[in-house]
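Bear in mind these aren't lab numbers, they're just calculated from the coordinates by the rules spelled out. Everything quoted here is computed from the prediction, not taken from an experiment. Cβ coordinates were reconstructed from backbone atoms using ideal geometry, including for glycine residues, and neighbour counts include every protein chain displayed.
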Amino acid sequence: MHDLAAITALGGSEPRVDTVADVTCTEVPDVALASVAARSSQETKAQKALTKLIGVTTPDIGRFAGDPVSAFWTGPDQWMVEAPFETHEDLAQQVKDAVGDTASVTEQTDAWTRFDLNGARVLAVLELLCPLNARKMAEGDAARAAIHHLGCFVLCHSPDAFSVYGPRSSAGSLHHAITTAMKAAL
């Protein structure tokens with residue numbers, strides 16, 4: 001019998017937490033993800049199905065919405081759906097069941113890693129980290145950004161709480177960029 005143990009994207013048995021001054025970076029491994037792309041001429045039906053799944057209107061350009069199942073806009077008629085892994089381990093199948101043939105759904109859970117940045121001076125960190133104008137981001141905003149040469153998504157939960165999604169295969173590089181920006185900014 002195998003004795004397997006799950007590890008985080010940074011290789012730990014527990015999520016990594018780093019604090020510099022009043023900003024904390026927390027690795028968040030317990031998120032299920034699935035991408036959704038509406039099929040040609042099925043965009044309206046796909047949006048309605050996704051709206052029913054997340055419980056609120058499907059997010060428009062640059063936005064995210066929903067709780068506990070939420071979605072953020074990733075491109076024209078495309079979204080990333082996220083939910084707690086503990087209750088949605090089969091999220092991709094749940095999304096596929098909800099949207100049927102109106103959209104293509106792909107499992108993304110192990111393709112991305114998430115870091116939550118929290119603290120009073122998190123905006124100073126984000127200014128060094130990426131070319132977004134994070135000070136203009138409001139609760140519910142989502143944006144694509146290059147961070148350390150990586151294609152990432154940045155979600156604004158409040159003026160002092162952001163989530164950063166980046167490729168899991170580059171989790172170490174992304175974490176290094178974040179903590180370096182924290183040390184430099186604070």
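Scanning region 151-173 for residues that are of a type outside the set (A, V, I, L, M, F, W, C) and part of a strand (DSSP E or B) gives 151, 157, 158, 163, 165, 166, 167. With respect to the conditions (1) over 30 Å from residue 21 (Cβ atoms); (2) of a type in the set (Asp, Glu); (3) in a helix (DSSP H, G or I), residue 89 falls short on a single one, namely (3). Can you confirm whether residue 38 is over 19 Å from the mean Cα position of the chain (by Cα), buried (at least 17 other Cβ atoms within 10 Å of the Cβ), closer than 16 Å to residue 76 by Cα and without any contact (Cβ under 8 Å) to a residue 60 or more places away in the chain? It is false that residue 38 is over 19 Å from the mean Cα position of the chain (by Cα), buried (at least 17 other Cβ atoms within 10 Å of the Cβ), closer than 16 Å to residue 76 by Cα and without any contact (Cβ under 8 Å) to a residue 60 or more places away in the chain. Note on region 68-103: residues that are in contact with a Leu (Cβ under 9 Å, 6 or more places away or on another chain) and under 18 Å from residue 145 (Cα atoms) amount to 4. Taking region 103-146 as the search range and keeping residues that are part of a helix (DSSP H, G or I) and of a type in the set (Asp, Glu), which one is surrounded by the most Cβ atoms within 10 Å (Cβ to Cβ)? That would be 127.
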